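Written out below as structure tokens is the structure these notes cover.
The values are calculated or read from the model by the stated rules, or taken from the named source; none is laboratory data. Quantities reported herein were computed from a predicted structural model and do not represent experimental measurements. Glycine gets a Cβ as well: all are built from the backbone with ideal geometry, and neighbour counts include every protein chain shown. Side chains included, ligands, DNA and RNA excluded: accessible areas come from the protein's heavy atoms. Shrake-Rupley method; radii C 1.70, N 1.55, O 1.52, S 1.80 Å.
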Amino acid sequence: MPSPVPDKPGLLIRDPFQFSDATLIIPAALVESLAYFDGAHGSLDLREYLVRLTGELDVGGLVQHLIETLSGAGFLEDENFFRRKAEAERGFANASVRAPVHAGSAYPEDPLELTSTLREYMTGAAPAATGKARAIAAPHVSPFGGADAYRAAYASLVPDDADRTFVILGTSHYGEPDRFGLTRKAFMTPYGETTTDLSLVDELARAAGAGALMEDYCHAVEHSIEFQVVFLQHRFGPRVRVVPILCGPFSRGMESGARPEDDEAVRRTIGALGEIAAREGDRLLWVLGVDMAHMGRRYGDAFHATAGRGEMEAVAERDRARIQSIERGDALGFWEQVRENQDDLKWCGAAPIYTFLRALPDVRGTLLHYQQWNIDPESVVSFAGLRFHP
């Protein structure tokens, strides 16, 4: 992303997988040189470019500095990177719990401070609806940015829901397309450890086959499920029973018109979820950790986005049209809207939502709160709180 440091303009580079904990700022004049680290160019090509850029013939030191800096940080596809990757994946696979990687940044790591913060977020919530919910949808944006939508979704639950198992469908921002990520690990947060329903996780893994990756490393860094776990623990206590499932983006059919389940692995996984939903019924409560549109400079658009103004007014209309399809339980209609312009709204929650609507075709939804938030001065994320019922 563009450097946020005023006196250090350029390109900020970091690794969301956390194979590397380094953050680099590439000076603006050298940003174009990164294009030469593509596996097709050699060091002579890079040297020739830097000679043209600097007007100096002796650029060997600069070439070596670039290579050593990028490699040392783990940002080149070389031995150092693969060593870091293998160590990180092995470390997660061997860990006894899934660590709270976003505590202390997205939410407080002190349990008392966390409780105080979430109580503040939940203040003013409307009374819970009557009857049992089959599901809720909440944002996965940082809680301080989406507090109103989180409140709307989680306030719609009732105390008796504490005894249910929460199947959490989260967006996998880093996972393989058309695949699902599973883990048998309990989630640790400042509140304590969850309880994972291992029988359901194992059943889904067997039925999904190649459609699901067990102990998917993406769980180690992903926030879309972690934030839901924190809110569920705040409502119902640390030992809530969960089934954490990451949904990779659906790439199939974005241009051709095919449905996601035309991929056999996706079809098997959604089918297995549907069978579990039909058999378990109200013993399960489904939680969707989803954001919607991502607009503005941060996300590759040419315009500066401001929540609720200008281009974002038209985005709100299109968001609401998709939400109406979700409320109707119209999975195919929703997917057709996502496919429009190859999802130029960049809904990162499309895969969990579609998965849910196909696995539970009998549900209908109610929009509780729609919201847009400036994640930075030039970029906006939209999201909502919804409640689903039979």
Quick one: in segment 126-173, which of the residues that are of a type in the set (Gly, Ala, Ser) and in a strand (DSSP E or B) is farthest from the chain's Cα centre (by Cα)? 135
Return a yes/no flag: does segment 17-34 have any residue that is open to solvent by 40 Å² or more (accessible area, probe 1.4 Å) and touching a Ser or Thr at 6+ places or on another chain (Cβ under 7 Å). yes
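Taking the condition of being closer than 22 Å to residue 169 by Cβ and of a type outside the set (Phe, Trp, Tyr), how many residues in segment 104-117 meet it?
In the first step, residues of segment 104-117 are kept if they are closer than 22 Å to residue 169 by Cβ; the result is 106-107.
When the remaining residues are screened for being of a type outside the set (Phe, Trp, Tyr), the result is 106.
Residues in segment 104-117 being closer than 22 Å to residue 169 by Cβ and of a type outside the set (Phe, Trp, Tyr): 1 in total.
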Identify all residues within segment 79-108 that are assigned to a helix (DSSP H, G or I) and among the charged types (D, E, K, R); write none if there are none. 79, 83, 84, 85, 87, 89, 90
Conditions: (1) open to solvent by 60 Å² or more (accessible area, probe 1.4 Å); (2) of a type in the set (A, V, I, L, M); (3) in a loop (DSSP other than H, G, I, E, B). Residue 76 meets all but one. Number of the miss? (1)
Restricting the search to segment 182-208, which residues are open to solvent by 30 Å² or more (accessible area, probe 1.4 Å), touching a helix residue (DSSP H, G or I) at 6+ places or on another chain (Cβ under 8 Å) and more than 23 Å from residue 110 (Cβ to Cβ)? 184, 203, 207
Identify the residue in segment 210-267 that is of a type in the set (S, T, N, Q) and part of a loop (DSSP other than H, G, I, E, B) and, among all such residues, is most open to solvent (accessible area, probe 1.4 Å). 256
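Quick check on segment 160-181: of everything there that is touching a residue at least 40 places away in the same chain (Cβ under 8 Å) and out of contact with any strand residue (DSSP E or B) (no Cβ under 8 Å at 6 or more places or on another chain), which residue is surrounded by the most Cβ atoms within 10 Å (Cβ to Cβ)?
Within segment 160-181, the subset touching a residue at least 40 places away in the same chain (Cβ under 8 Å) is 161-162, 164-181.
Filter once more, keeping what is out of contact with any strand residue (DSSP E or B) (no Cβ under 8 Å at 6 or more places or on another chain): 162, 173-174, 177-178.
Working: 162: 16, 173: 17, 174: 16, 177: 15, 178: 22.
In this case the residue turns out to be 178.
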Number of the condition not met by residue 123 [criteria: (1) touching a helix residue (DSSP H, G or I) at 6+ places or on another chain (Cβ under 9 Å); (2) more than 23 Å from residue 329 (Cβ to Cβ); (3) β-branched (Val, Ile, Thr); (4) open to solvent by less than 20 Å² (accessible area, probe 1.4 Å)]: (4)
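For (1) more than 29 Å from residue 276 (Cα to Cα); (2) part of a helix (DSSP H, G or I); (3) among the hydroxyl-bearing types (Ser, Thr, Tyr), each residue gets a yes or a no:
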| site | (1), (2), (3) |
| --- | --- |
| 337 | no, yes, no |
| 347 | no, no, no |
| 352 | no, yes, no |
| 367 | no, no, no |
| 373 | yes, no, no |
| 380 | yes, no, no |
Here are 82, 92: which of them is more than 23 Å from residue 28 (Cα to Cα) and free of Cβ contacts under 8 Å to residues at least 60 places away in the same chain? 82
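Could you say whether any residue in segment 23-46 is part of a helix (DSSP H, G or I), closer than 29 Å to residue 183 by Cα and under 26 Å from the mean Cα position of the chain (by Cα)?
no
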Determine which single condition residue 332 fails, assuming it passes every other condition in (1) of a type in the set (A, V, I, L, M, F, W, C); (2) within 23 Å of residue 375 (Cα to Cα); (3) open to solvent by 20 Å² or more (accessible area, probe 1.4 Å). (2)
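Kindly indicate the residue of segment 35-54 that is under 20 Å from residue 74 (Cβ atoms) and aliphatic (A, V, I, L, M) and also surrounded by the most Cβ atoms within 10 Å (Cβ to Cβ) among those meeting that condition.
At the first step, the residues of segment 35-54 found to be under 20 Å from residue 74 (Cβ atoms) are 35-39, 43, 46.
Cutting the leftovers down to aliphatic (A, V, I, L, M) gives us 35, 46.
On the way: 35: 12, 46: 20.
Selected residue: 46.
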Only listed residue being touching a Cys at 6+ places or on another chain (Cβ under 7 Å) and outside any strand (DSSP E or B), chosen from 202, 291, 301, 282: 291
